[in-house]
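Values quoted throughout were computed directly from the atomic coordinates according to the rules given, and no laboratory measurement underlies them. All values derive from a computational prediction rather than experimental measurement. Methodologically, a virtual Cβ is constructed for each residue, glycine included, from the backbone with ideal geometry; neighbour enumeration extends over all protein chains shown.
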Amino acid sequence: MSSNNAVCRKCRREGDKLFLKGERCLSPKCSFTKRSYAPGARGQHRPGKLSDYGVQLRAKQGAKAIYKVREKQFKNYYEKASKTKEASGSKLLQLLETRLDNVVYKLGFSQSVRQARQMVRHKKFKVNNKIVDIPSYNVEINEKIEPKNKEGIKLSKNEVPVWLKLDKGNLSGELVKLPAREEITAQINEDLIVEFYSR
């Protein structure tokens, strides 16, 4: 199975577009648009009703897929969020949204979070003029993000969220504020994730 098919199967497994491949997900080529049923031989059969645990698990797995985060790291994010005075679910999403790889993607420097992650790992981005190669680095307010080499950079057509500022002329971006829950567009039910970890 190709890596492309493996990525698309995640959307079909969750029963919703997770926008893991950027602009391709908006085109007729999107695998979920062509086959919106679950993968596998029995994918087209009507699925049985999920238990409460199953619904919570699917919400968590979907969020992990959107942000390309492994289980241990995702749980660490939840535990960090739960120790704050803010609502655990909203804080969890805030931490995930401000990851460097996600910010690079949201600014339009890559076509997907997956591509942004690879670019960061290959030391292609600077934060406040210092190269950062850690995709999970949490960007802070007023920190400036820009490509190390701006030649050949083609911005995507993604709409930049209001909590980020993009300078197209200088090909640089900045986190102007932490995202509020209503400003996070990812299709995630954070309450179900909190319920999952609170069992």
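Points to keep in mind about this one:
- Rounded to two decimals, the Cα-based Rg/Rh of the range 60-199, with Kirkwood Rh, is 0.97.
- Its Cα gyration tensor gives the range 95-144 an equivalent ellipsoid; the semi-axes, largest first and in whole Å, are 14, 12, 9.
- Label point 7 Å beyond Cα of residue 130 along Cβ direction - residues of the range 168-199 with amide nitrogen under 14 Å: none
- Remark on the range 99-177: hydrodynamic radius 12.0 angstrom, per the Kirkwood mean of 1/r across alpha carbon pairs.
- Highest mean packing first, where packing is the average number of other Cβ atoms within 10 Å per residue, the peptides 92-100, 80-88 line up as 92-100, 80-88.
- Taking amide H positions as modeled 1.01 Å from N, with prolines and chain starts lacking one, the residues under 5 Å from residue 172 and 5 or more places away or on another chain are 167.
- Taking the inverse of the mean reciprocal distance over all distinct Cα pairs, the Kirkwood hydrodynamic radius of the range 52-112 comes to 12.4 Å.
- Computed E for residue 118/residue 182 - FRET, C-beta separation, R0 41 angstrom, nearest 0.05: 0.85
- Within-12-Å neighbourhood charge of residue 130 [Cβ basis; K, R +1; D, E -1]: +1
- Peptides 191-198, 131-138 ranked from most to least packed by the mean count of surrounding Cβ atoms within 10 Å: 191-198, 131-138.
- Other-chain or far-sequence residues with amide H under 5 Å of residue 125's (modelled H): 132, 148
- Cα centroid of the range 135-154 to Cα centroid of the range 57-91, whole Å: 23
- Peptides 106-114, 121-129, ordered by how many other C-beta atoms sit within 10 Å of their residues on average, highest first, read 106-114, 121-129.
- Positive-end ranking of 112, 131, 145 along the dipole of the range 99-177, with charges on Cβ about the Cα centre, is headed by 112.
- Sum of side-chain charges, residue 150 neighbourhood, beta-carbon under 12 Å (Lys, Arg +1; Asp, Glu -1): +2
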